[in-house]
Amino acid sequence: MSTELELERPAQPPSFQGISTGRKAKNLAATVMVSLCFVVAVIPLVWVLWTVASRGMESLLRADWWSHSLSGVRANEDLGGAYHAIYGTIAQGLVTAVIAVPIGILVGIYLVEYGAGTRFARVTTFTVDILTGVPSIVAALFVYSVWISIFGFSRSAFANCLALLLLMIPMVVRSTEEMLRVVPNELREASYALGIPKWKTIVKVVIPTALSGIVTGVMLGVARIMGETAPALILMAYSARINMDIFEGSMANLPLLMVKEFTNPEAAGFNRTWGAALTLILIIMLFNLAATLVSRLSAVKTK
Amino acid sequence: MAKRIDVKDLNIYYGKFHAVENVTLSVPPRSVTAFIGPSGCGKSTVLRSLNRMHEVIPGARVDGSVLLDGADIYGAGVDPVEVRRTIGMVFQRPNPFPTMSIRDNVVAGLRLAGTKNRQQLDEVCERSLRGANLWEEVKDRLNKPGGGLSGGQQQRLCIARAIAVQPDVLLMDEPCSALDPISTLAIEDLITELKQDFTIVIVTHNMQQAARVSDQTAFFNLHGVGQPGRLVEIDETSRIFSNPSQRATEDYISGRFG
Ligand SMILES: Nc1ncnc2c1ncn2[C@@H]1O[C@H](COP(=O)(O)OP(=O)(O)O)[C@@H](O)[C@H]1O
Ligand SMILES: [Mg+2]
């Protein structure tokens, strides 16, 4: 009897054991660390958003904010709006993006698809890397010394756009380059093997595969240049009036409006500064949304 | 359709590295030719030089001639794009275009070459998917992305994509090596069917596979590390596997090979 039971027992009891205290402690410590870091990172973000939203909301709720400029409005009057600066920010952002995006993407395509390994491409990549790190004030001074001092053009929104181009093109080149490099060569070969020429392979197979990454890079670039202040201060004087002409005269944009109104001690100045800040964040968010939609349409799908 | 291939004194290089030397062989139309041999002996390299895919790699070049029904695909003024349209290729790892639906994958070759006629594209799509034995499995989800299929289905999708442009020759580089046995059988059956219409050259690591699907077999070998690979012999598959004329072939087939 007892021997049977003896036989049915496994020779050795299963050696699975509970999680050791040491591991439990490490796990707990790591979880706490990670959660703390998350909180530490999120607090300032939420704080900034809350501050900007709560202080800027008042301006944004006035209908005039979206349709009027500050022309003829006195410093202490809570009247007028940011239309002139909103127009300036969007116009300058679009002009810059419309020029920088095609140039940047084409350069990126050249570097990865055509020039790969050549000396010229390596030099270009190196130059682009350096340019990505150039401070905006340096780009502004360069444009000032060439476009305004040497060529003799006057300060204008377009001069500002030129400085923004110097900042944005390298960013677009970099992100395009990186995204194209991760497209597997197998896809290019699959396309060549169907008798599809190289340029069509690039346009119809390689770029769509990399598109969402490229769009993200472009959006980061747009967000950055829309917030740039230094070039605007140097290359384009603030104007409280609406100026539609990017080639002539001074024009506002949202960062400049903030700089201007920051020194206005009245309550209206406070409202305008924070209103402009909130407006800028909203505009960049809208651009981001639009870009997300674009990249969704042609992103890599598996489901 | 189906054309014959004659390779004469083909030497293939990657930059300074001489990868394959002096290959001479013929592939008759409507037949399956298998390339076997140890890893690194240059099977893929020879295969890729049959449709000028080799030169896509920077620094890669070939010497010698490859005749397609008598016309040299390396002749002066021959457009490699045109060559690849006539000689299609299926790769080792299934590589459907990730941004395209199943339908768009199949007709990619035609659509990117400029065919716009929707009805014609749909016809080609169905015909090619049927030809690749995939139609029944995917006919209800043609608009779903090709990346969502199983490995074996993806490989058949790639075959459908390759035959959709109606090439004369189909090159396959270890098309089953990433697949499970069932999918492998499906593809082998398919190869036997495709033989009716195409000239097929297939690289395989699997000697049973070579014996099952091919009419003639070419054995490639290496004579040493850093030496170029060579074609040891090419003969009817039954001869190669029962009574090869070269000692090296026999050693390899019977597994006496390192
Ligand atoms: N892209 C490449 N660049 C340089 N050498 C290569 C390249 N591809 C293959 N080779 C070399 O060419 C030889 C033949 O390779 P491959 O044709 O891939 O062999 P197999 O397909 O028979 O295994 C090997 O020595 C390999 O290292
Ligand atoms: Mg190989």
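Things to note:
- Enumeration of residues in region B:44-56 that are within 14 Å of residue B:173 (Cβ to Cβ) and not in a helix (DSSP H, G or I): B:50, B:51, B:53
- Criterion: in contact (Cβ under 8 Å) with a residue 60 or more places away in the chain, surrounded by fewer than 18 Cβ atoms within 10 Å (Cβ to Cβ), among the basic types (Lys, Arg) and in a helix (DSSP H, G or I) - qualifying residue of A:224, A:272, A:241, A:296: A:296
- Residue within region A:13-35 that is within 30 Å of residue A:285 (Cα to Cα), at pLDDT 95 or above and of a type outside the set (Phe, Trp, Tyr) present: yes
Residues checked against (1) closer than 18 Å to residue B:111 by Cβ; (2) under 20 Å from the mean Cα position of the chain (by Cα); (3) without any contact (Cβ under 8 Å) to a residue 12 or more places away in the chain:
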| position | (1), (2), (3) |
| --- | --- |
| B:136 | no, no, yes |
| B:151 | no, yes, no |
| B:158 | yes, yes, no |
| B:161 | yes, yes, no |
| B:167 | yes, yes, no |
| B:174 | no, yes, no |
| B:181 | no, yes, yes |
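- Taking (1) within 14 Å of chain A (Cβ to nearest Cβ); (2) within 14 Å of ligand 1 (Cβ to nearest atom) in turn, residue B:230 satisfies each apart from (1).
- Boolean, residue B:220 is aromatic (Phe, Trp, Tyr), within 14 Å of ligand 2 (Cβ to nearest atom) and touching a strand residue (DSSP E or B) at 6+ places or on another chain (Cβ under 7 Å): yes
- Subset of region B:32-41 [within 11 Å of ligand 1 (Cβ to nearest atom) and buried (at least 23 other Cβ atoms within 10 Å of the Cβ)]: B:35, B:36, B:37, B:41
- Picking from residues in region B:46-73 that are more than 12 Å from chain A (Cβ to nearest Cβ) and closer than 26 Å to residue A:115 by Cβ, the one that is surrounded by the most Cβ atoms within 10 Å (Cβ to Cβ) is B:49.
- Consider region B:144-178 and keep the residues that are in a loop (DSSP other than H, G, I, E, B) and crowded, with 20+ Cβ neighbours inside 10 Å. The one that is farthest from the other protein chains (Cβ to nearest Cβ) is B:176.
- Scan of region B:31-90 for residues that are within 16 Å of ligand 2 (Cβ to nearest atom) and among the aromatic types (Phe, Trp, Tyr), ordered by number: B:35
- Residues of region B:208-257 that are touching a residue at least 40 places away in the same chain (Cβ under 8 Å) and exposed (fewer than 14 other Cβ atoms within 10 Å of the Cβ): B:257 alone.
- Matching residues in region B:42-55 - criterion: being more than 8 Å from ligand 1 (Cβ to nearest atom) and either aromatic (Phe, Trp, Tyr) or on the phi < 0 side of the Ramachandran plot (or both): B:49, B:50, B:51, B:53, B:54, B:55
- Flag if residue B:202 is more than 14 Å from chain A (Cβ to nearest Cβ) and either away from ligand 1 (no atom under 16 Å from the Cβ) or part of a helix (DSSP H, G or I) (or both): no
- Criterion: part of a loop (DSSP other than H, G, I, E, B), within 22 Å of residue B:169 (Cα to Cα) and either at the interface with chain A (Cβ under 8 Å from one of its Cβ atoms) or of a type outside the set (Phe, Trp, Tyr) (or both) - qualifying residue of B:96, B:38: B:96
- Complete set of residues in region B:205-221 that are assigned to a helix (DSSP H, G or I) and within 15 Å of the chain's Cα centre (by Cα): B:209, B:210, B:213
- When residues of region B:1-31 are limited to those that are part of a loop (DSSP other than H, G, I, E, B) and among the aliphatic types (A, V, I, L, M), the one nearest to ligand 1 (Cβ to nearest atom): B:2
- Taking the criterion of being within 14 Å of another protein chain (Cβ to nearest Cβ) and among the hydroxyl-bearing types (Ser, Thr, Tyr), the residues of region A:189-243 that qualify are A:191, A:192, A:201, A:209, A:212.
- Residue satisfying all of: in region A:164-188; assigned to a helix (DSSP H, G or I) and β-branched (Val, Ile, Thr); nearest to the other protein chains (Cβ to nearest Cβ) among these: A:176
- Test for residue B:100: is it in contact with an Asp or Glu (Cβ under 8 Å, 6 or more places away or on another chain), aliphatic (A, V, I, L, M) and within 25 Å of residue A:206 (Cα to Cα): no
- Residue in region B:60-80 that is away from ligand 1 (no atom under 16 Å from the Cβ), under 13 Å from the mean Cα position of the chain (by Cα) and not in a strand (DSSP E or B) present: no
The values are calculated or read from the model by the stated rules, or taken from the named source; none is laboratory data. Everything numeric in this text was worked out from a predicted model, so none of it was measured. Cβ: placed from backbone, ideal geometry, glycine included. Neighbour counts: every protein chain shown.
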